[in-house]
Each structure stands twice: as C-alpha cells, then as structure tokens.
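Student: I have a structure I would like to understand better, so I am pasting it below and will then ask my questions one at a time.
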Amino acid sequence: MSSAREQVLARIRAALGRGELDPARTTELRDRIAMHRRHIEPAFDETPRQRFRQKLEAAEASFVELDTLDAVAAEIERYLEAHGAEKRIATSGDELLHAIDWPASIDAQPWVAGSDHRVSVTAAYCGIAETGSLLLVSGEKNPTRLNFLPDYHIVVIEAKQLVLRMEDAWDSLRASTKQMPRSVNFISGPSKTADVEQTVEYGAHGPRCLHVILVG
Amino acid sequence: MQPNSRHFQANAESALREPNLQSALKQLESGFVAGRQRCYDALPEFEALRDRAKEVLDHTLDNLDAYLLEYEARVLESGGLVHWAGTPEEAREIVIRICRDAEAKNVIRGKSMIGEEIGINDALEASGFEVTETDLGEYILQLGKEPPSHIVAPAIHKTKDEISDLFLEHHRDLGFTKRQTERSALVNEARQVLREKFLAADVGMTGANFLIAETGSNVIVTNEGNGDLSSTLPRVQIVTAAIDKVVPTLEDASLLLRLLGRSATGQEITAYTTFTTGPRRERDADGPGEYHVVLIDNHRSEMLGSELRPMLRCIRCGACMNHCPVYGRVGGHAYGWVYPGPMGSVLTPLMVGLDEAGHLPNACTLNGRCETVCPVKIPLPNLLRSLRSRQHLQRQNSSLARIALSLWSWVALRPRLYQLLTRPAMTLLARLGASSGGFRNMPFASGWTRVRDLPAPQGSTFQARWQQQQRDRK
Ligand code: SF4
C-alpha cells in the first residue's frame with residue numbers, strides 16, 4: 001500500500017485531471033516563487049514615520065521619539081517609574097542595545113534561560129509603516145520569548161529601520177540572511193482578547209503593555 | 001466531535017429561545033460587521049485585493065501538488081518534519097505518535113479549526129495526555145465541555161456570568177477562590193492559570209493560517225499571543241494544517257493578510273502575526289527542538305475535483321457567518337458541527353456527509369450577503385445551491401418537500417391557474433397582517449412560521465400589480 005503522502009498527492013492530481021507536472025511546468029512555478037511578485041500595495045498619505053506612530057498608538061501601544069540612543073536609558077527609567085514597574089529588566093543581546101549606558105538604578109541583564117523578568121527590552125529588526133508593526137526576528141541574541149512572556153515589552157527601533165510595507169521587510173530579510181529566521185514576529189500592539197462578551201481587554205497572554213522607542 | 005447537524009431544525013428552534021445567545025448575536029452587527037465596514041470604507045483597494053487574492057489562490061489550487069512538494073522540501077531543509085494524513089484518524093494517530101515519541105505529558109494548543117475538525121483534544125486525552133487550550137475563548141469552552149460556536153470568536157455565546165462560574169468551579173483548587181465578575185479580572189485569572197500551563201508544556205500545537213511554499217514557514221495570526229507562546233516555549237511544536245493552506249510566496253501571504261484581519265474582526269492587522277520556520281537553529285537562544293507539520297486532506301482533494309473547488313480558497317475569516325441572517329439568529333451550535341454559517345453549510349455536508357448535514361445547505365435564504373463580503377470571493381450561495389441539487393438527485397430531501405415542490409412547479413407553469421389561486425390568498429393575507437406588517441403565525445404553514453416572521457404581502461400579487469401598471473401606462 002502506498003503511503004498517505006502518495007495517496008493524497010495522487011488524489012490531488014486526479015482531481016486536477018492530470019498526472020505529475022512536467023519538469024518545464026515545475027520550473028515555471030519555481031520561477032514564479034523566485035520572482036517574489038508583489039501585489040496591490042495600498043497607498044497612504046501620511047509619512048512613514050507618522051503612519052507608523054499613528055497605527056501603533058491606535059492599537060494602544062505607547063510611543064516616544066528620541067534624537068539619540070543616549071537618551072534611551074533615561075526614557076526607560078521614566079517609563080518604568082510611571083508604571084510602577086520594577087527596574088529589573090531582561091534585554092536581548094542585540095547590538096543596538098549594547099550602546100545603552102544603563103544607570104546604576106536599573107538592573108539590566110541580558111536574558112538567560114530560566115529568568116523570569118517582568119520587563120524586557122529588545123530591538124526591532126525593522127518597523128512597518130503601513131500597519132504600525134514591529135518586526136522582531138529570533139536568533140542567537142534574540143530569544144523570542146522576550147517578546148511574549150514579560151508584562152512590559154519595550155522595543156527600541158532606529159528611524160532608519162522603518163520601511164513602508166511588509167513586502168519591503170521580506171526583501172530586506174532575503175538580502176540579509178540566507179534562510180528565514182526561525183521566528184519572525186510582527187508585533188502591532190500589546191496582547192489583547194475580546195473573548196469575554198466581545199469586549200477588548202489587554203494583557204491576555206502576551207505583554208500587557210507595549211512601549212515603542214523610536215530613535216533618530 | 002460527534003456531528004449533530006441532522007437536528008438543525010430543533011437546534012435552531014431552541015437557539016431562538018435563548019436570550020443570552022440572542023443578545024450576543026446582536027452584538028455582532030456593532031462589532032465585527034461594523035468593524036469590517038470601517039476597514040472596507042478606509043481602503044479603496046479592497047475590491048482589487050479581493051480579485052487578486054482569488055487569482056492567487058486559484059493559481060495555487062491549480063498547482064496544489066507542486067506547491068505542497070515545494071513547501072515540504074523547504075520544511076525538511078529547515079530541519080522540520082512533514083507528515084501526511086488522508087483522514088482525521090490518520091492525523092490523530094500521527095499527533096499521538098509524535099507526543100509519545102517525545103515522552104510528553106502536557107500538550108498546549110493554540111486555537112486551530114483543523115484541530116477541532118480532526119477532534120484532536122479527545123484523542124489526546126484518551127491516550128493519557130493532558131491537553132490545555134490556550135486561546136481564551138477555546139479555554140472557556142474546554143472548561144464548559146462545549147464546541148465552538150464561531151470560527152474566530154469561539155465562545156461568543158458565553159456570558160460573563162457563565163464564565164465567572166466556570167472559572168470558580170475549575171480554578172478553586174488552584175487557589176483562585178473568589179468569584180470574579182469583572183472582565184479584566186477574568187482575563188487576568190486565565191492569564192495566571194494558563195501561564196503555568198505554558199511553562200510546563202512539553203508539546204505546543206498550533207494551526208496555520210497559511211503555509212509558505214517559498215520558505216517552509218507556517219503563519220499564525222492572533223491577538224492574545226497564545227499561539228506564539230505555544231510555538232516558542234515547549235520542546236516540541238506540532239503544526240496541524242489542511243492541504244489548502246499553502247500559498248507560494250511571502251508576498252502572496254502579505255496580500256491575504258491585508259484581507260484577513262479586516263474581514264474577520266475589522267483590524268488592519270492583529271496584534272501578532274508570526275512566521276515560524278522549522279525548529280530552533282543550532283545557535284538560537286530559544287525555541288522548540290522539534291518541529292512537525294501534519295498536512296491533512298480530509299475530503300479537500302475531493303472538493304478540488306468537484307464544482308465545490310472554490311471553497312478551498314477559504315481563509316477562515318468568519319465574515320460570511322457574521323453577515324449571515326440565519327447565523328445571526330441561530331448562532332453556531334445549531335449547525336451541529338465544527339464549522340457554522342455559510343462556509344460551514346458547505347463544508348459540513350462534505351466532511352460529515354450530506355445525509356447527516358442535509359439541512360444545512362437549505363438553512364439559507366440565498367440573500368447573497370456572504371458572497372458579497374467574502375474576501376476571496378467564494379460564491380457561497382451557488383455552492384449551497386449545488387449541494388441542494390446533489391441532495392435532490394440523491395433523493396435526500398423529504399418526500400413532503402419533493403411533492404410540494406413538484407405541485408408548486410406544476411401550478412406555476414400554468415399562469416391562469418396560478419393567478420386564480422394566489423390572488424384571493426394575497427388579499428386575505430394582507431388584511432390579516434395589516435396591523436403589524438408581518439405574521440408570527442400563519443394558518444396552514446405553522447411549520448414555516450413557528451420560528452420565522454413572514455412579512456405581510458403588500459396587498460396584491462406581483463402579476464396583478466404588473467397588469468395594473470400596464471393598464472395605467474396605456
Ligand atoms: S467563506 Fe469567505 S467569508 Fe466565509 S470564512 Fe471563508 S473566506 Fe471568510
């Protein structure tokens with residue numbers, strides 16, 4: 001008896017009224033994939049920066065703009081104080097965050113397995129203006145769980161990392177890595193649910209609060 | 001889950017008498033329906049996106065075998081495994097085998113309709129695994145031992161009060177002894193209980209909104225972040241997905257994502273959209289060590305070869321049910337299986353059989369709203385019509401209905417007789433219904449009006465009015 005795989009494929013081919021595709025057609029389909037053809041990309045009037053901020057704020061993320069990285073640590077301290085959050089944070093190992101000069105009043109540690117911090121600071125790979133999304137990718141220095149486990153998620157992103165659309169992010173990723181990172185997270189606001197009587201509540205499973213710091 | 005679709009009529013009747021369900025369903029208009037409309041109005045490209053989405057999905061279906069093989073090759077390259085299942089039984093066996101091989105105890109699930117379709121929870125529990133749903137709606141239903149009543153908002157029929165009771169009953173032993181009545185407190189309590197489950201889980205199961213042939217990725221779209229925790233924390237990840245979820249490229253997925261959130265909940269994008277590819281890489285800081293995909297057919301290849309092929313474009317947004325006047329009155333449970341509303345009325349007869357679900361294609365007024373809002377332009381009313389004619393050919397509709405239809409067509413083909421019979425009846429009906437504009441009860445047709453309101457005719461038949469107009473013109 002042939003395997004389930006062969007049976008499913010055979011049924012699909014029978015349904016399509018043909019046998020296996022010939023090599024020429026298969027090559028055509030591979031070419032279609034390799035073209036990365038973009039589809040309709042909705043226009044918007046705002047500048048990318050405006051749009052990015054507006055969309056994130058509309059999704060209940062908080063947002064600040066800073067001129068330089070030097071100001072980031074003070075901004076984070078202000079934010080934590082304003083929320084009454086503890087000043088003990090787990091950071092990702094991202095290069096961008098190395099430049100932050102943490103004051104003695106903040107206990108900032110790179111994440112290690114088993115840590116249970118309630119505040120995380122990570123850096124975005126890029127930001128998508130169209131939808132107001134932060135793109136975070138997993139890697140050696142970027143544990144995915146920092147985007148989902150803490151109560152407060154603070155994301156630092158440089159203005160030059162803003163792109164217009166998701167499609168631009170794909171091109172950028174293709175140019176920078178050979179293989180898709182294991183986790184590619186588009187984050188467009190704090191965690192929420194409307195499962196109790198169709199009314200939105202924040203902090204379902206992921207972060208209750210998302211704070212975006214745009215630098216430059 | 002055992003299908004209960006043959007009792008659609010009785011289910012629907014009792015649903016109409018449930019005040020809580022009725023008020024939840026009313027809220028759909030101001031919530032999802034209004035949200036979608038706002039998105040639609042704000043995006044001039046919406047119709048163009050729908051056309052393109054249809055085109056891309058039709059192209060994919062025409063070449064489904066090839067794209068599935070590309071997808072499979074990319075998953076293998078990324079270190080993941082692909083398992084093929086023709087039937088729900090095969091899919092369940094594969095999942096259980098993976099869990100056993102991993103010596104797992106605790107399984108957490110991110111919401112997925114295919115999981116419901118193959119009945120994975122019961123199967124895992126019967127094999128001794130502890131299974132926890134982590135989507136809040138699904139979790140509530142798991143506690144209440146109920147099936148979902150909507151594909152996007154599964155617990156839409158539950159009131160806050162009922163949830164308070166369920167939580168108290170099930171969380172008391174965990175130390176949550178106070179009956180919470182605020183929405184935020186309920187959400188918070190579930191967060192704490194489920195957080196422990198996430199941290200203790202060996203296997204995380206999710207579905208896939210899309211599979212990407214280009215990269216071997218699966219895409220999940222959530223607002224809660226539960227799918228992401230399920231994909232990240234446990235040491236094994238299992239993705240269950242139907243064969244019609246594959247799309248060629250990341251760009252194709254981006255196109256569909258622009259339609260999905262807007263059509264489903266009126267969101268341009270959900271809080272989390274995640275592309276996951278394979279297990280954790282050698283140097284990755286975290287992520288599961290094993291990544292399995294179970295590709296499931298379950299009658300889809302059959303649909304592919306029939307006039308129902310367009311149904312395979314479905315991206316499970318739920319817009320068709322949100323806009324369906326029948327769903328809007330009877331809710332999801334009346335349909336008796338996993339998929340309700342117009343899309344369910346097509347899928348259920350195909351998956352559980354037309355003899356079990358024969359009522360569903362008929363539980364439709366053919367008003368066409370579902371087709372108008374469907375982001376991938378599935379001609380749902382036509383598909384339902386074609387199921388009706390399959391049914392007629394298989395002589396599965398009731399003999400009374402067959403006789404009545406034949407009698408009606410015999411009379412209707414004889415205009416003079418038709419006029420003779422209908423005119424006095426209309427006059428009488430108009431008089432009877434004049435005060436309210438409609439009937440709650442109509443003599444001789446109580447089978448129809450017991451649970452429906454029949455609008456009163458406006459005084460004369462169409463033919464009589466047409467003739468009157470022709471006379472007036474002269
Ligand atoms: S049939 Fe269309 S409207 Fe209904 S769930 Fe599927 S994609 Fe959405």
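The values are calculated or read from the model by the stated rules, or taken from the named source; none is laboratory data. Remember, it's a predicted structure, so these values are computed and weren't measured experimentally. Methodologically, a virtual Cβ is constructed for each residue, glycine included, from the backbone with ideal geometry; neighbour enumeration extends over all protein chains shown. Only protein heavy atoms, including side chains, enter the accessible area calculation; ligands, DNA and RNA are left aside. Shrake-Rupley method; radii C 1.70, N 1.55, O 1.52, S 1.80 Å.
Student: When Lys and Arg each count +1 and Asp and Glu each count -1, what net charge do the other residues less than 14 Å away from A:Asp101, Cβ to Cβ, add up to? Show your work: numbers first, answer last.
Tutor: Numbers: positive: none; negative: A:Asp70, A:Glu75, A:Glu77.
After counting each charged neighbour, the total is -3.
Student: So if R0 is 56 Å, what FRET efficiency would A:Thr47 and B:Thr177 give, r being the distance between their Cβ atoms, rounded to the nearest 0.05? Working shown, then result.
Tutor: Values: r = 53 Å, r/R0 = 0.95.
Here the calculated transfer efficiency is 0.60.
Student: A:Ala175 to A:Ala24: FRET efficiency via 1/(1 + (r/R0)^6), r the Cβ-Cβ distance, R0 41 Å, to the nearest 0.05? Walk me through the numbers before you get to the answer.
Tutor: On the way: r = 30 Å, r/R0 = 0.73.
FRET efficiency, A:Ala175 to A:Ala24: 0.85.
Student: Hey, could you get me the Stokes-Einstein D for segment B:172-219, Kirkwood radius over alpha-carbon pairs, 10 °C and 1.306 mPa s, rounded to whole µm² s⁻¹?
Tutor: On the way: Rh = 13.8 Å.
D, rounded to a whole number, is 115 µm²/s.
Student: Send over the per residue convex hull volume for segment A:48-215, Cα only, as a whole number of Å³. Working shown, then result.
Tutor: Values: hull volume 20.5 nm³, N = 168.
Residue-normalised Cα hull volume stands at 122 Å³.
Student: I've got another one for you. For segment B:85-101, take each phi angle, set θ = phi - 60°, evaluate the Karplus expression 6.51 cos²θ - 1.76 cosθ + 1.60, and give the result in whole Hz per residue in order, putting x for glycine and proline.
Tutor: Ordered by residue, 3J(HN,Hα) equals 9, x, 10, x, 4, 4, 5, 4, 4, 4, 4, 5, 4, 4, 5, 5, 4 Hz.
Student: Relative to the compact-globule scaling 2.2 N^0.38 Å, provide the ratio for the alpha-carbon radius of gyration of segment A:2-51. Kindly include the intermediate steps, with their values, before the conclusion.
Tutor: Numbers: Rg = 19.7 Å, N = 50, 2.2 N^0.38 = 9.7 Å.
Computed over Cα atoms of segment A:2-51, the ratio equals 2.03.
Student: What is the sum of charges around B:Gly358, taking Lys and Arg as +1, Asp and Glu as -1, for the other residues whose C-beta is under 10 Å from the C-beta of B:Gly358? Numbers along the way, then the final one.
Tutor: Details: positive: B:Arg6, B:Arg388, B:Arg390; negative: B:Asp355, B:Glu356.
Local net charge: +1.
Student: Could you work out [θ]222 nm for the protein assembly as shown from helices alone, using -39500 (n - 2.57) per DSSP H run of at least four and dividing by all its residues? Round to the nearest 500 deg cm²/dmol.
Tutor: Calculated from helices alone, the mean residue ellipticity at 222 nm is -13000 deg cm²/dmol.
Student: A further question follows. Per-residue Cβ counts within 10 Å, from other chains only, averaged over B:87-94: what number is that?
Tutor: Numbers: counts 2, 0, 0, 3, 1, 0, 0, 1.
Mean shielding count: 1.
Student: Here is a follow-up. Along the positive direction of the dipole of segment B:85-180 (beta-carbon charges: Lys, Arg +1; Asp, Glu -1; about the Cα centre), which of B:Leu124, B:Ala153, B:Ile96 reaches farthest?
Tutor: Sorting the options by dipole projection puts first B:Ala153.
Student: Which value in nm describes the separation of the simple spin-label points at A:Asp31 and B:Leu393, placed 7 Å from the Cα toward the beta carbon?
Tutor: The modelled label-to-label distance comes out at 3.9 nm.
Student: Averaged across the residues of A:79-92, what count of C-beta atoms belonging to other chains lies within 10 Å of each residue's C-beta? All intermediate terms of the calculation are to be shown ahead of the outcome.
Tutor: Details: counts 0, 0, 0, 0, 0, 0, 0, 0, 0, 0, 0, 0, 0, 1.
The shielding value for this peptide is 0.
Student: Calculate how many DSSP beta bridges within segment A:139-216 are antiparallel, expressed in % of all such bridges and rounded to the nearest 5.
Tutor: Numbers: 2 of 9 bridges.
Counting DSSP beta bridges with both partners in segment A:139-216, the antiparallel share is about 20 percent.
Student: Do any of A:Lys55/A:Lys87; A:Lys55/A:Lys141; A:Lys55/B:Lys178 go past 32 Å between their Cα atoms, and which? Kindly include the intermediate steps, with their values, before the conclusion.
Tutor: Numbers: A:Lys55/A:Lys87 28 Å; A:Lys55/A:Lys141 28 Å; A:Lys55/B:Lys178 38 Å.
Beyond 32 Å between Cα atoms: A:Lys55/B:Lys178.
Student: Two decimals, Cα atoms only, Kirkwood Rh: what is Rg/Rh over the protein assembly as shown?
Tutor: Working: Rg = 27.2 Å, Rh = 27.0 Å.
Taking Rg over the Kirkwood Rh, I get 1.01.
Student: Looking at the protein assembly as shown, send over the antiparallel percent of its DSSP beta bridges, to the nearest 5.
Tutor: Details: 24 of 75 bridges.
Roughly 30 percent of the DSSP beta bridges within the protein assembly as shown come out antiparallel.
Student: How many Cβ atoms of partner chains, on average, are near each residue of B:262-273 if near means within 10 Å of its Cβ? Mind showing how you got there, number by number?
Tutor: Values: counts 0, 0, 0, 3, 0, 4, 9, 12, 7, 17, 12, 9.
What the average comes to for B:262-273 is 6.
Student: State the Cα centre-to-centre distance between segment B:272-319 and segment B:5-50 in whole Å.
Tutor: If you average the Cα positions of each part, the centres end up 26 Å apart.
Student: Also: Of A:His117, A:Ser92, A:Pro42, which is farthest towards the positive pole of segment A:1-120's charge dipole, taken about the Cα centre with +1 and -1 on the beta-carbons of Lys, Arg and Asp, Glu respectively?
Tutor: A:Pro42
Student: I'd like the accessible area for A:Met35, computed on protein heavy atoms only with a 1.4 Å probe and all protein chains in place. Round to 10 Å², please.
Tutor: Surface accessible to solvent at A:Met35 totals approximately 130 Å².
Student: For A:Trp111, B:Trp84, give the ranking by accessible area with the largest first, probe 1.4 Å.
Tutor: Putting A:Trp111, B:Trp84 in descending order of accessible area: A:Trp111, B:Trp84.
Student: Here's another thing I want to ask about it. Within the accessible area of segment A:48-215, what % is carbon and sulfur when the probe is 1.4 Å and the other protein chains stay in place? Spell out each step's value before the answer.
Tutor: On the way: 3080 of 6320 Å².
Answer for segment A:48-215 is 49 percent, counting heavy atoms of protein chains only.
Student: Please report, in cubic angstrom per residue, the volume enclosed by the convex hull of the alpha-carbon atoms of segment A:75-158.
Tutor: 102
Student: Using a 10 Å cut-off on Cβ atoms, rank the peptides A:170-183, B:325-338, B:167-180 from the highest mean neighbour count down.
Tutor: Numbers: A:170-183: 16.7, B:325-338: 23.4, B:167-180: 14.0.
For the peptides A:170-183, B:325-338, B:167-180, the packing ranking is B:325-338, A:170-183, B:167-180.
Student: Less than 28 Å apart at the alpha-carbon level, and either on another chain or at least 8 residues along: which lysines does that give for B:Lys26?
Tutor: Counting by Cα, and skipping residues close in sequence, B:Lys26 has these lysines nearby: A:Lys192, B:Lys111, B:Lys145, B:Lys158, B:Lys160, B:Lys377.
Student: If you line up the long axis of helix A:72-82 against the longest principal axis of chain A, both from Cα atoms, how many degrees apart are they, to the nearest 10?
Tutor: That works out to roughly 80 degrees.
Student: Under 14 Å between alpha carbons, and skipping anything fewer than 8 positions from A:Lys160 in its own chain: which aspartates and glutamates qualify?
Tutor: Once the sequence-local aspartates and glutamates are set aside, what remains near A:Lys160 is A:Glu65, A:Asp67, A:Asp168.
Student: Follow-up. Could you tell me the distance between the Cα centroids of segment B:148-168 and segment B:192-227, to the nearest Å?
Tutor: Centre-to-centre (Cα) distance: 21 Å.
Student: Just report the Cα centroid separation between segment A:154-206 and segment B:347-388, whole Å.
Tutor: The two parts, judged by their Cα centres, are 35 Å apart.
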